[in-house]
């Protein structure tokens with residue numbers, strides 16, 4: 001087995017194809033730099049708008065700050081982002097970035113623009129205090145069942161009582177008798 005492994009290393013190792021895909025971020029500094037570049041891109045996004053006369057206007061408009069946007073910007077998947085977020089050193093940077101994302105959506109809620117779905121994003125993307133609380137009070141009573149008559153036998157069925165009548169379907173097991181069959 002070891003010979004086979006050495007053979008593959010000697011053949012394919014020189015091409016650099018052993019060990020899987022290269023890491024997206026070699027160290028925490030590279031991860032942090034990618035996040036800073038993404039945030040700068042979000043802050044300086046240029047959007048083309050048109051005025052009443054049809055004149056083209058170039059406006060700087062803040063892009064949404066999301067983990068998904070960062071993943072698309074960096075060329076990684078959300079799964080990869082969360083794997084990095086679980087690694088030592090990367091966890092602090094990822095947690096800070098998540099806080100920045102959450103802060104963006106809180107700001108969007110505060111602006112209160114019509115059609116703004118920021119509250120939806122907060123409730124569904126961030127844990128904590130962003131869930132709708134619903135208080136439900138239940139009141140009522142439980143009534144007991146009236147006496148039941150089966151084949152002339154009166155059954156008094158109360159809630160929580162054991163019914164020990166064969167005809168009611170709650171029969172106790174029959175006593176075992178020792179019989180010998182020939």
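The values are calculated or read from the model by the stated rules, or taken from the named source; none is laboratory data. Just so it is clear, the model here is predicted, and its values are computed rather than measured. Cβ coordinates were reconstructed from backbone atoms using ideal geometry, including for glycine residues, and neighbour counts include every protein chain displayed.
Any chance region 65-72 includes a residue that's part of a helix (DSSP H, G or I), in contact with a helix residue (DSSP H, G or I) (Cβ under 9 Å, 6 or more places away or on another chain), at pLDDT 85 or above and more than 29 Å from residue 123 (Cβ to Cβ)? Checked region 65-72: no residue is part of a helix (DSSP H, G or I), in contact with a helix residue (DSSP H, G or I) (Cβ under 9 Å, 6 or more places away or on another chain), at pLDDT 85 or above and more than 29 Å from residue 123 (Cβ to Cβ).
Every condition in (1) modelled with pLDDT under 90; (2) within 26 Å of the chain's Cα centre (by Cα); (3) surrounded by fewer than 12 Cβ atoms within 10 Å (Cβ to Cβ); (4) outside any helix (DSSP H, G or I) is met by residue 110 except one, and the failing one is (4). In the set 131, 52, 123, only one residue is within 17 Å of the chain's Cα centre (by Cα), part of a loop (DSSP other than H, G, I, E, B) and over 23 Å from residue 34 (Cβ atoms); that residue is 131.
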